[in-house]
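> Before I ask anything, here is the structure I am working with.
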């Protein structure tokens, strides 16, 4: 546990900012209007300590939502936010460690297969990216 924070329960919702360039546009003529996240939406840079995510309840407790989470990360209105749970991450064999009041880290760094599973199979859009 980092910085004296308690362990996050499995049902804790986590948010991940997703820029538009990590999305696949909806197919033309498809009923689906939201883009799909690429498999690398939960992939961090190799020199990062883990995959940074927001703790949804902490943002919501202060009246903030997905747009505030995006703005905090210097994203813009075209970005989206995916949501997963701590239990889903642990189910893939990874750990989630609280990293400050409103953020957590998924460790160790996710491999391509795990990032793809989280991005495409488990995560849901709580704020789809704005698409042209």
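> If you go through the stretch 32-50 one residue at a time, do you hit one that is without any contact (Cβ under 8 Å) to a residue 12 or more places away in the chain, within 15 Å of residue 13 (Cβ to Cβ), surrounded by 15 or more Cβ atoms within 10 Å (Cβ to Cβ) and in contact with a helix residue (DSSP H, G or I) (Cβ under 9 Å, 6 or more places away or on another chain)?
no
> Out of 58, 77, 112, I need the residue that is in contact (Cβ under 8 Å) with a residue 12 or more places away in the chain and over 23 Å from residue 25 (Cα atoms). Which one?
58
> Where in the stretch 23-113 are there helices (runs of 4 or more DSSP H), lying fully within it, with 1 or more residues that are closer than 16 Å to residue 127 by Cβ?
Of the helices (runs of 4 or more DSSP H) lying wholly inside the stretch 23-113, those with at least 1 residues that are closer than 16 Å to residue 127 by Cβ span 56-61, 66-72.
> Just for the stretch 58-89: of the residues that are more than 21 Å from residue 35 (Cβ to Cβ) and touching a strand residue (DSSP E or B) at 6+ places or on another chain (Cβ under 7 Å), which one is surrounded by the fewest Cβ atoms within 10 Å (Cβ to Cβ)?
Across the stretch 58-89, the extreme among qualifying residues is 85.
Any read-out appearing in this document is the output of simple, stated calculations on the displayed coordinates, not a laboratory observation. As the structure is a prediction and not an experimental result, all values here were calculated from the model. Glycine gets a Cβ as well: all are built from the backbone with ideal geometry, and neighbour counts include every protein chain shown.
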